Amino acid sequence: MAEAYIVAAARTAGGKKGGRLAGWHPADLAAQVLNALVDRTKVDPELVEDVIMGCVGQAGEQATNIARNAVLASKLPESVPATSVDRQCGSSQQALHFAAQAVMSGTMDVVIAAGVESMSRVPMGLPSTLPAKNGFGNYMSPEMQRRYPGIQFSQFMGAEMLVKKYGLTRAQLDQFSLLSHQRAMAATKAGLFQQEIVPIEIEMPDGTKQMHVMDEGIRPDATLEGISSVKLLQEGGALTAASASQICDGASGVMVVSERGLKTLGVQPLARVHHMSLMGHDPVIMLEAPLPATMRALKKAGMSINDIDLFEVNEAFASVPVSWLQYTGADPERLNVNGGAIALGHPLGGSGTKLMTTLIHALKQRNKRWGLQTMCEGGGMANVTIVERL
């Protein structure tokens, strides 16, 4: 069977809402990652056959095909086409799947999969709330409302439903959240993110220039006492802002090539895409899909949970990875070993290739072979990707 290889993987350091990356237009921010992928592989930019970019908030500065706009803001030539993907939080993981499928089909040899989200400049939910406020309707169609009468799809509600279904406690979620910050800080201090991060120049309030190279959301002074004191998101619930992913600005990307592409470019692969699958699940509980999707993916790949060396499960809410651990029986020491979105941020459409970038680098640093990535997605879906480090 034809193979798909990842030859470069990069991301920006996360920026907090209104923080260090808020001054960057998302197309320009994504362009910096595209440029970095070209620079790291030394590929002739003319050889890139497509750019597939995940983005959830496709409105305002992220409207009108953000992927193409990022190409036009980059060093890539005008001959490189691009398209934007919205599979909610899994958008750029899906972009990776599309890129891998393109090279495995033999129709392309060099494709960039990427993602971007400026949550400072395009607030979460804007594509649906803005039209509704201006009299242009709601995404919930009459037929959807007949099928789900009186249902309001909500990730916050879904996260709390996971808590109840799997018997989780606030103490468990708070402890996991603290671990996310501790692992992210330890990885930062050890320089483990250095190779994956694309430095971004920012202007400070006093007019001086700095390079943004450290994830802004990490709390090095986080304590269990502090996390436990944060107000609950809803009365009677278990989740707080401290046990949810941080709003984040960021971009990420990977370059995917075929075997022929490897020879043409003369580059060494970082990883091989071993398995890709998707699952649709209950859109009401919404965030549970990664659990059965992981086990189905492993079965399809002929593997067991213990065959996987490292896992990246997006920390949209702490209840997702904690329930995932309970459901799969995975070793918690292999999960999100460098922290996750609770500490590092979740730039929505940029998170898929962000997690893959971190996973590939972590496999290399730890001299491990197999990695699995999955994430919950709005609408009750999940992507699962298994890679082999080469």
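None of the figures in this text is laboratory data; all of them are computed from the coordinates on show. Values in this document were obtained by computation on a predicted structure and should not be read as measured data. Neighbour counts are summed over all protein chains in view; Cβ atoms, including those assigned to glycine, are modelled from backbone coordinates with ideal geometry.
List of remarks:
- Helix runs (DSSP H) in the chain reaching 24 Å along axis by Cα, Kyte-Doolittle at least 0.5: none
- Highest-MSF residue in the chain out of Glu259, Glu117, Glu216 [GNM, Cα springs under 10 Å]: Glu259
- Relative intensity, log₁₀ I(q)/I(0), of the chain from a Debye sum that treats every alpha carbon as a point, q = 0.06, 0.08, 0.11, 0.12 Å⁻¹: -0.21, -0.37, -0.73, -0.88
- Based on DSSP H segments of at least four residues, each scored -39500 (n - 2.57), the chain has a per-residue ellipticity at 222 nm of -10500 deg cm²/dmol.
- Where both bridge residues fall in segment 273-389, DSSP classifies roughly 75% of the beta bridges as antiparallel.
- Coordinate range of the alpha-carbon atoms in segment 273-389 per principal axis, descending: 40, 32, 23 Å.
- A protection proxy built from the mean count of other Cβ atoms within 10 Å ranks the segments 204-212, 83-91, 277-285, 32-40, most packed first, as 83-91, 32-40, 277-285, 204-212.
- Percent RCO, i.e. relative contact order, over segment 273-389, from Cα pairs under 8 Å lying at least 6 residues apart: 45
- Comparing Val110, Val56, Val80 in a Gaussian network model of the chain (Cα springs below 10 Å), the most mobile by mean-square fluctuation is Val80.
- Packing rank of 45-54, 227-236, where each peptide gets the mean count of other beta carbons within 10 Å, highest leading: 45-54, 227-236
- Peptide ranges 342-352, 295-305 listed from the most packed, as the mean C-beta count within 10 angstrom indicates: 342-352, 295-305
- Entry note, the chain: relative contact order of 28 percent, from Cα contacts under 8 Å with a spacing of 6+ residues.
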